[in-house]
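Undergrad: Quick one: this structure, given as structure tokens, is what I'll be asking you about.
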Amino acid sequence: MPNPLALIAEITHRCPLHCVYCSNPLELTSRKEELATVDWLRVFGEAAALGVLHLHLTGGEPLARPDLAELIAGARQSRLYTNLITSGIGLSRERLAQLVEAGLDHIQLSFQDSSEGPANWIAGARAHAHKIELAGWIRSHRIAFTANLVVHRQNIEHLEGMIEGIEALHPDRMEIAHAQYYGWALQNRSALLPTRAQLDRALAVVAAAEERLRGKVRIDMVVPDYHARYPKACMGGWGRQLMLIDPAGRALPCHAAGVIPGMCFDNVREHTLDWIWQSSAAFQKFRGEDWMPEPCRSCDRRKEDFGGCRCQAYLLTGDASATDPVCELAPLHHLIEDAVREDAATGLAPEAREAPFHVLQEQMAGFWRYRTDPK
Amino acid sequence: MRGIVAELTDASVPKFAVGCRWGGTTEAPVVLFPEGTIRVEGTGRIILELCDGHFTFAEIVQKLETQFMLAPKGKIRTEVQTFLEQLHVKRIVDY
């Protein structure tokens with residue numbers, strides 16, 4: 001069996017933002033259930049011994065953990081490449097310097113839109129100006145900088161402006177990430193899923209930016225799978241390349257697997273990472289091809305996409321073993337076609353978008369549901 | 001090459017871009033970069049080990065030409081250039 005290449009550490013679910021496209025589970029882990037520093041440091045050591053090369057520190061907002069610098073230092077000591085996935089809220093100039101000093105290799109900063117009003121409306125928090133300032137501080141250090149633009153129906157028409165704004169911040173890399181429909185994003189799908197015409201325009205915008213920025217900024221794009229013919233090879237296949245540890249220490253094959261009923265996800269408090277990867281029932285559940293139904297079982301593409309995403313199959317069909325309905329060959333593909341045809345409700349008048357979170361939450365109640373913080 | 005890709009000249013000093021470094025083990029070294037890994041072996045590994053900021057492009061080509069004396073003239077230069085330009089576009093090597 002191959003070893004995992006990357007470990008995704010959701011070190012906390014606490015977050016000062018309320019992004020409507022958040023793919024965290026609806027049932028968030030509370031602070032008192034979070035793993036202690038010493039547990040994480042042991043997990044990082046076990047991961048490196050298992051062959052893991054990259055560590056992605058994410059959440060929630062990882063900066064909510066006061067021990068973040070200690071975690072980064074420990075990860076580097078275990079020879080892991082450390083990547084911080086952050087909104088930047090809670091990151092002062094001094095704290096950034098501490099994280100870099102601790103050995104951080106790469107910072108990935110998310111952006112919600114091209115200006116404060118719409119970004120505030122999407123994130124339920126005033127964060128845009130701070131992100132711009134933070135980008136300047138990041139560039140004064142020798143670490144890699146990725147700007148992550150999360151794209152969906154409500155900001156896709158601003159994509160050109162978003163890319164131009166980001167370009168001025170001189171990142172090494174831009175990630176144009178279309179929202180993925182799990183967790184809070186799935187709740188808000190009708191407001192977030194772009195139309196085919198919007199997507200085609202966005203693809204042209206990205207292609208032009210790639211041409212223009214070639215050799216200067218690397219652009220990677222995560223396409224929205226609802227508009228694809230075939231499903232994504234989710235996480236490179238179940239239990240094939242990645243492990244995710246949630247804030248309470250449960251090990252999962254991907255971000256959303258916790259929704260699949262009847263599964264037992266073993267905890268790093270009780271088992272080694274090696275045992276979980278090699279032997280736990282959860283990681284073996286959808287490995288290989290024995291679980292596959294038709295049409296996957298006899299399909300030539302099964303070794304490329306592994307039947308698509310198990311969580312998406314469950315969330316949309318109620319059966320985690322079904323062919324991912326994104327696939328045009330799936331018996332239940334009409335579920336995707338119906339979703340793509342849905343008309344989106346209208347958004348909020350631009351002048352109201354600067355409102356504080358509690359006002360937005362009330363105003364937008366029938367439109368979308370903001371992510372809330374765990375208790 | 002289109003766009004603003006920097007020109008690789010004899011005097012260029014190729015080195016890892018920010019956020020890129022060696023990882024893995026001595027037996028199976030890899031180049032780590034944001035969101036990815038490249039396993040390098042053979043000539044690729046030899047070239048990248050010379051991209052430590054101490055050697056110019058011309059010096060790297062010369063070292064390889066000495067090492068692979070039987071290769072047709074000019075071939076090594078073209079291959080090293082293509083290799084480095086590809087990694088430059090991926091933001092793994094700067095020069």
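The values are calculated or read from the model by the stated rules, or taken from the named source; none is laboratory data. The structure displayed is predicted, hence computed values, not measured ones. Here Cβ is always computed from backbone atoms with ideal geometry, including for glycine, and neighbour counts include all displayed protein chains.
Undergrad: Test of understanding: among A:102, A:144, A:123, which residue is touching a residue at least 12 places away in the same chain (Cβ under 8 Å), more than 25 Å from residue A:199 (Cβ to Cβ) and more than 12 Å from every other protein chain (Cβ to nearest Cβ)?
TA: A:102
Undergrad: Among the residues of the range B:20-52, which ones are assigned to a loop (DSSP other than H, G, I, E, B) and modelled with pLDDT under 95?
TA: B:25, B:26, B:27, B:28, B:34, B:35, B:40, B:41, listed by residue number.
Undergrad: Any residue at all in the range A:269-278 that's in contact (Cβ under 8 Å) with a residue 40 or more places away in the chain, closer than 30 Å to residue A:38 by Cα and hydroxyl-bearing (Ser, Thr, Tyr)?
TA: Yes, some residue in the range A:269-278 is in contact (Cβ under 8 Å) with a residue 40 or more places away in the chain, closer than 30 Å to residue A:38 by Cα and hydroxyl-bearing (Ser, Thr, Tyr).
Undergrad: Here is a further query. Here are the criteria: (1) more than 14 Å from chain B (Cβ to nearest Cβ); (2) touching a strand residue (DSSP E or B) at 6+ places or on another chain (Cβ under 6 Å). Tell me which single one residue A:93 does not satisfy.
TA: The failed condition is (2).
Undergrad: Moving on. Residue check: is residue A:341 under 26 Å from residue A:189 (Cβ atoms) and either without any contact (Cβ under 8 Å) to a residue 12 or more places away in the chain or of a type in the set (Lys, Arg) (or both)?
TA: Yes: the conditions hold for residue A:341.
Undergrad: Considering only residues that are part of a loop (DSSP other than H, G, I, E, B) and closer than 11 Å to residue A:336 by Cβ, which ones fall in the range A:309-324?
TA: Hit for the range A:309-324 is A:324, nothing else.
Undergrad: Look through the range A:51-64, keep the residues that are part of a loop (DSSP other than H, G, I, E, B) and among the aliphatic types (A, V, I, L, M), and return whichever of them is nearest to residue A:254 (Cα to Cα).
TA: Top of the filtered list is A:52.
Undergrad: Which of the residues spanning the range A:92-130 are of a type in the set (Phe, Trp, Tyr) and not in a strand (DSSP E or B)?
TA: Scanning the range A:92-130 gives a single hit, A:121.
Undergrad: Looking at A:75, A:48, can you tell me which residue is surrounded by 20 or more Cβ atoms within 10 Å (Cβ to Cβ), part of a helix (DSSP H, G or I) and within 14 Å of another protein chain (Cβ to nearest Cβ)?
TA: On the way: A:48 fails: surrounded by 20 or more Cβ atoms within 10 Å (Cβ to Cβ).
Testing whether each residue is surrounded by 20 or more Cβ atoms within 10 Å (Cβ to Cβ), part of a helix (DSSP H, G or I) and within 14 Å of another protein chain (Cβ to nearest Cβ) leaves just A:75.
Undergrad: Moving to a separate point now. If we keep just the residues of the range B:33-60 that are farther than 12 Å from residue B:93 by Cα and within 13 Å of chain A (Cβ to nearest Cβ), which is surrounded by the fewest Cβ atoms within 10 Å (Cβ to Cβ)?
TA: Checking each candidate, the answer is B:39.
Undergrad: Quick check on the range B:53-83: of everything there that is over 12 Å from the mean Cα position of the chain (by Cα) and not in a helix (DSSP H, G or I), which residue is nearest to residue B:14 (Cα to Cα)?
TA: Per the stated criteria, the residue is B:54.
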